[in-house]
Amino acid sequence: MIERLACICCDSAEHVPSDCEELKEALRRDLVYYEGRFIHSMDSHKPLWPNYRNGGMKEFKGTSTPQRN
């Protein structure tokens, strides 16, 4: 049996990153951006690493919904 990878952004196994509404919203609000195939923080310009099975990137960033001050 093949295990499906979770979404890199929200850790859901229900969709892939290209279908992730949270990631689409973060991109629309200019909170993150793609550089090559990696997602980067607009604030630090550093890549956001996967945090699989621990809530995804939203937990890695310490928030359930990406927010910008």
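Pairs linking a residue in the range 26-42 that is within 16 Å of GLY56 (Cα to Cα) and open to solvent by less than 90 Å² (accessible area, probe 1.4 Å) to a residue that is modelled with pLDDT of 90 or more and aromatic (Phe, Trp, Tyr), with Cβ atoms under 6 Å and 6 or more positions apart or on different chains, are HIS40/TYR33. Could you tell me whether any residue of the range 49-68 is surrounded by 10 or more Cβ atoms within 10 Å (Cβ to Cβ), at pLDDT 80 or above and of a type in the set (Asp, Glu)? Among the residues of the range 49-68, not one is surrounded by 10 or more Cβ atoms within 10 Å (Cβ to Cβ), at pLDDT 80 or above and of a type in the set (Asp, Glu), which makes the answer no.
Can you tell me which residues in the range 12-55 are acidic (Asp, Glu) and either assigned to a loop (DSSP other than H, G, I, E, B) or over 13 Å from the mean Cα position of the chain (by Cα) (or both)? Break it down stepwise before answering.
First, pick out the residues of the range 12-55 that are acidic (Asp, Glu): 14, 19, 21-22, 25, 30, 35, 43.
Of everything in the range 12-55, those that are acidic (Asp, Glu) and either assigned to a loop (DSSP other than H, G, I, E, B) or over 13 Å from the mean Cα position of the chain (by Cα) (or both) turn out to be GLU14, ASP30, GLU35, ASP43.
The values are calculated or read from the model by the stated rules, or taken from the named source; none is laboratory data. Every value quoted in this text rests on a predicted model; they were computed, and no experiment measured them. Positions of Cβ are backbone-derived with ideal geometry, glycine not excepted, and every protein chain shown enters the neighbour counts. Only protein heavy atoms, including side chains, enter the accessible area calculation; ligands, DNA and RNA are left aside. Shrake-Rupley method; radii C 1.70, N 1.55, O 1.52, S 1.80 Å.
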